[in-house]
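Below is one structure; the comments refer to it alone.
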Amino acid sequence: MDLSMMARAIAVIGAGIGIAGGSIGIGIIGAKALDAIARQPSEKKDIRTNMILMAALIEGLAFFGAIIALLVVFK
Amino acid sequence: MDLFTLDPGLVIWTWISFGILFFILWKFVFPPLMENLKNREKTIAKSIDDAAAIERRLEEIEAERGELLKKTNSEADEMLLQTRSDAEELKKRLLEKAEKEAEEVLVQARRKAEAEREALLRALQDDLADFVCDASEKVIGSVFITEKEREFTRELVKEL
Amino acid sequence: MNLKRLYLLFLIVILSSLTVSAVFSEEASTSESPDVSGTLFEHVLDGNTLELFPFVPEITLPHGITMHRLMLVLSVLLITGFYSAWIKRGDLKPKTRTILLESLVIFVRDDIVYPIMGEERGAKWLPFFTTMFLFLSVLNLLGLIPALKTATGNINVTTAMAIVVLLLTFIAGFKGLGFVHFFKNLFPEGTPLGIGIFVMLLELLSLFTKSMVLSLRLFANMFAGHLAILSFLVLIFVITPFFGFISVPFSVFTYTLEVLVGLLQAFVFTLLSCIFIMMASTPEGE
């Protein structure tokens with residue numbers, strides 16, 4: 001196996017780990033947000049906005065990982 | 001791999017098209033749109049208020065009508081009752097009057113009958129006295145009975 | 001959904017799978033090792049050829065116009081066309097199409113701008129955010145139409161939008177707080193000078209990174225989403241033509257998901273830029 005192939009494989013694994021971390025974070029946010037909505041349905045709108053904001057911030061980090069991996073794979 | 005290549009032309013195109021879009025929407029689309037929304041909101045609020053007012057007025061009218069109807073009904077009932085009692089009274093009075101009249105008629109008739117009988121009796125007595133006088137004249141034989149005797153006979157017959 | 005409609009959908013999916021398998025089986029068998037990634041990226045990346053129908057010669061666009069640039073212009077034309085044609089002043093009895101267009105504006109107003117900015121400031125910013133939402137969602141959805149491309153799947157477009165947001169963040173911050181107060185606002189109170197300056201630099205940096213992540217998010221979502229639809233279809237080349245029976249339903253599913261994602265990402269982009277602009281232009285602790 002040559003070195004670039006190795007680098008690609010590692011990059012893909014890294015992207016997978018990064019995305020796994022992001023998905024754990026988003027899962028926790030979703031669960032907590034649903035909990036909060038179930039407890040206080042009147043605050044649904046605020047909770048949803050903040051949920052999307054938090055999820056988006058985490059998603060951004062996951063994307064960093066995915067894009068760095070993409071750069072490695074296709075370069 | 002041109003996934004991350006810089007393309008300044010595309011950036012400028014984006015800015016220009018976004019700018020044009022923003023300008024057109026901001027200048028020509030938004031004023032009428034927001035105005036429409038506001039106007040429609042106002043119109044809808046007004047019509048809902050109007051509808052509520054109309055409904056309230058209708059309810060009032062309905063209540064008024066019901067009250068009026070009730071009042072009229074009770075009045076009619078009262079009137080009917082009054083009329084019935086009046087009629088009954090009238091009937092009673094009429095009946096009484098009729099009875100009284102009938103009694104009166106009866107009394108009068110009785111009195112009349114008695115008077116007649118008396119008159120008849122008197123006439124009969126007179127006739128009988130005359131007859132007795134005549135008969136005794138005939139029996140005695142052409143003896144003229146004086147007026148005094150005649151009167152006496154009459155008294156006798158009356159005592160009979 | 002009733003059973004008849006479901007059956008119809010199933011039939012359509014099966015028939016299209018058959019067609020796709022039939023069309024590509026020959027091609028797949030003739031070429032020994034297809035250039036999979038090349039085929040994939042050709043459909044997502046910018047180019048200057050317009051392929052309207054399969055098997056019809058593709059149109060080469062004039063010099064200086066690429067597909068993504070064409071999409072930008074198309075979206076502007078679509079939005080302005082529909083809005084100027086269907087929105088009329090003094091229209092108190094709206095038709096369905098008017099409500100459709102107005103509901104998008106009302107959505108942006110009631111779900112994004114007013115809850116975050118308040119009514120007074122929100123009214124001023126509403127045209128900008130509505131434009132942004134419409135522009136991005138139309139660009140996202142245009143890519144789902146065959147033969148068209150997703151301009152938001154190009155990082156230059158999303159970066160341009162993010163730069164607009166970044167500039168507006170600064171402008172709104174300077175306008176709302178004043179030049180000096182804007183930087184003071186980044187400085188945490190009650191901390192030593194050295195740490196304070198460091199935190200301030202970090203905050204300043206985070207303004208840039210937040211905007212860049214904004215652009216990356218939209219780009220990656222659109223790029224990866226549209227690629228996912230295609231990559232299911234490409235499996236037909238790679239594995240066997242009869243893989244179409246599996247890959248076509250999957251790609252239909254991804255396609256419907258992508259409609260949702262396109263709208264959601266436009267919403268998220270608008271929401272986040274609204275929050276960033278608001279955060280930079282209000283004093284700390286409010």
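The values are calculated or read from the model by the stated rules, or taken from the named source; none is laboratory data. Since we're looking at a predicted model, the values are computed, not measured. Neighbour counts run over all protein chains shown; Cβ positions are idealised from the backbone, glycine included.
So here's what we get for this one:
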{"item": "Condition met for C:Ser206 (surrounded by fewer than 18 Cβ atoms within 10 Å (Cβ to Cβ) and either under 18 Å from A:Ala62 (Cβ atoms) or more than 18 Å from the chain's Cα centre (by Cα) (or both))", "result": "yes"}
{"item": "Which listed residue, of C:Val268, C:Val252, C:Val248, is away from every other protein chain (no Cβ under 12 Å) and buried (at least 18 other Cβ atoms within 10 Å of the Cβ)", "result": "C:Val248"}
{"item": "Members of region C:84-104 found to be within 10 Å of another protein chain (Cβ to nearest Cβ), in contact (Cβ under 8 Å) with a residue 12 or more places away in the chain and out of contact with any Leu (no Cβ under 6 Å at 6 or more places or on another chain), listed by number", "result": "C:Thr98, C:Leu101, C:Glu102"}
{"item": "Options C:Leu52, C:Leu9, C:Leu18: the member that is modelled with pLDDT of 80 or more and either surrounded by fewer than 16 Cβ atoms within 10 Å (Cβ to Cβ) or touching a strand residue (DSSP E or B) at 6+ places or on another chain (Cβ under 9 Å) (or both)", "result": "C:Leu9"}
{"item": "Neighbours by Cβ (under 9 Å, 6+ apart or cross-chain): first from region B:33-52, in a helix (DSSP H, G or I); second small (Gly, Ala, Ser)", "result": "B:Met34/C:Ala123; B:Glu35/C:Gly90; B:Asn36/C:Gly90; B:Asn39/C:Gly90"}
{"item": "Which listed residue, of A:Ala55, A:Ala66, is closer than 24 Å to C:Leu272 by Cα, within 14 Å of chain C (Cβ to nearest Cβ) and in contact (Cβ under 8 Å) with a residue 40 or more places away in the chain", "result": "A:Ala66"}
{"item": "Those residues of region A:33-75 which are within 20 Å of the chain's Cα centre (by Cα) and hydroxyl-bearing (Ser, Thr, Tyr), in sequence order", "result": "A:Thr49"}
{"item": "Among (1) among the polar types (S, T, N, Q); (2) under 28 Å from the mean Cα position of the chain (by Cα); (3) more than 14 Å from chain A (Cβ to nearest Cβ), the one test that C:Ser215 misses", "result": "(3)"}
{"item": "Test for C:Gly196: is it touching a residue at least 60 places away in the same chain (Cβ under 8 Å), outside any loop (DSSP other than H, G, I, E, B) and under 22 Å from C:Thr209 (Cα atoms)", "result": "no"}
{"item": "Residue, farthest from the chain's Cα centre (by Cα), within region C:149-195, restricted to residues that are of a type in the set (Ser, Thr, Tyr) and at pLDDT 80 or above", "result": "C:Thr169"}
{"item": "Filter result for C:Thr169 (within 14 Å of chain A (Cβ to nearest Cβ) and in contact (Cβ under 8 Å) with a residue 60 or more places away in the chain)", "result": "no"}
{"item": "Qualifying positions in region A:35-52 - of a type in the set (Asp, Glu) and either under 30 Å from C:Phe219 (Cβ atoms) or more than 12 Å from chain C (Cβ to nearest Cβ) (or both)", "result": "A:Asp35, A:Asp46"}
{"item": "Top-ranked residue of region C:57-68 - restricted to ones that are without any contact (Cβ under 8 Å) to a residue 24 or more places away in the chain and within 10 Å of another protein chain (Cβ to nearest Cβ), ranked as nearest to C:Leu136 (Cα to Cα)", "result": "C:Thr66"}
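To keep it simple, each residue is scored yes or no on (1) under 21 Å from C:Asp91 (Cβ atoms); (2) within 14 Å of chain C (Cβ to nearest Cβ).
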residue	(1), (2)
B:Leu3	no, yes
B:Gly9	no, yes
B:Ser17	no, yes
B:Ile24	yes, yes
B:Pro31	yes, yes
B:Asn39	yes, yes
B:Ile54	no, no
B:Leu69	no, no
